[in-house]
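Presented below is the structure to which this report refers.
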Amino acid sequence: MAGETTLWISSHLAERIRAHGAETYPYECCGALLGRDPEAADPEAVREVLALFPLLNRRDDSPRNRFSLTGQDVLDADRAAQKQGMEVIGWYHSHPDHPARPSQYDQDHAWPWYSYVIVSVQNGAPQDMSSWRLNDDRQAFSPEGIEIRHRAAV
Amino acid sequence: MPVKVMIPTPLRPYAGKRASAEFNAGTVGEALTYLTTEYADLRKHLFTEDGKLRSFVNVYVNDEDIRYLAKENTATKDGDTISIIPSIAGGCCCSR
């Protein structure tokens, strides 16, 4: 990953991520971020979330502090994105009663390139939201700016 | 006809932005070795430091998960497609 990155998202979609976190509290929610990534064509262009693909947390054994998706979930998200002329540009999940910062567990399981959005949910109420990208060397996440765009979702 | 390896979007920056690559390989392990030899930057994202496939990397031959076949020793034949599918997981650090 080179330089500082920014993720654009409409206020409507940002609110939907928060609402998903509140809905599944005290368990973690998760889903895919669909959009277009213009980086290949223009490194200066920003990445934008244009739709969400909410998914079920498959971690029945520890859903308060873990989430996981199946390979089929990932394929379903990819197909949903392709149908809309988009691609999966990242993933979101909630941290119930925990800050919106990636854990070591998040880092150990992360992929490069994707944007990882985390929303903190304290006592059932969504709080901070942040986005992160794994560094090329897998040793750390770098924070990614979130820019809320006040316009209708596409 | 060789084996085709499909490279997922997050790994394409480490594979010359390619979506797929083809190799003459007899097993999944061989194909992945060729892939990470040609694109060395891919290695740390697919394999642990001791050379094992990372647990959150799903590999399918055609539509079959290799965990239910012979894992990396799964035999491949000409025309097979090997797909690398990201496994997505995470969560806050505290145990409860």
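The values are calculated or read from the model by the stated rules, or taken from the named source; none is laboratory data. For clarity, every value in this text was computed on a predicted model and none was experimentally measured. Every residue, glycine among them, receives a Cβ derived from its backbone with ideal geometry; neighbour counts consider all protein chains shown.
A quick yes/no check of all residues on (1) assigned to a helix (DSSP H, G or I); (2) over 30 Å from A:F53 (Cα atoms); (3) in contact (Cβ under 8 Å) with a residue 40 or more places away in the chain:
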position: B:P10; (1), (2), (3): yes, no, yes
position: B:T36; (1), (2), (3): yes, yes, no
position: B:R43; (1), (2), (3): yes, no, no
position: B:E49; (1), (2), (3): no, yes, no
position: B:Y60; (1), (2), (3): no, no, no
key: Qualifying residues in segment B:1-50 (those that are polar (S, T, N, Q) and over 23 Å from A:P38 (Cα atoms)) - the one nearest to the other protein chains (Cβ to nearest Cβ)   = B:T48
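Residues of segment A:112-129 being within 29 Å of A:K83 (Cβ to Cβ) and not β-branched (V, I, T), which ones? It would help to see each step written out before you state the result.
So in segment A:112-129, the residues within 29 Å of A:K83 (Cβ to Cβ) come out as A:112-119, A:126, A:129.
Correct list: A:P112, A:W113, A:Y114, A:S115, A:Y116, A:P126, A:M129.
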query = Could you say which residue among B:G79, B:G16 is in contact (Cβ under 8 Å) with a residue 60 or more places away in the chain and not in a helix (DSSP H, G or I)?
reply = B:G79
ask   = Taking segment A:114-154 as the search range and keeping residues that are basic (K, R) and surrounded by 14 or more Cβ atoms within 10 Å (Cβ to Cβ), which one is farthest from the other protein chains (Cβ to nearest Cβ)?
value = A:R149
key: Where A:C29 falls short, out of the listed (1) away from every other protein chain (no Cβ under 12 Å); (2) modelled with pLDDT of 95 or more   = (1)
query = Checking A:R47 against (1) buried (at least 20 other Cβ atoms within 10 Å of the Cβ); (2) at pLDDT below 95; (3) at the interface with chain B (Cβ under 9 Å from one of its Cβ atoms), which single condition isn't satisfied?
reply = (3)
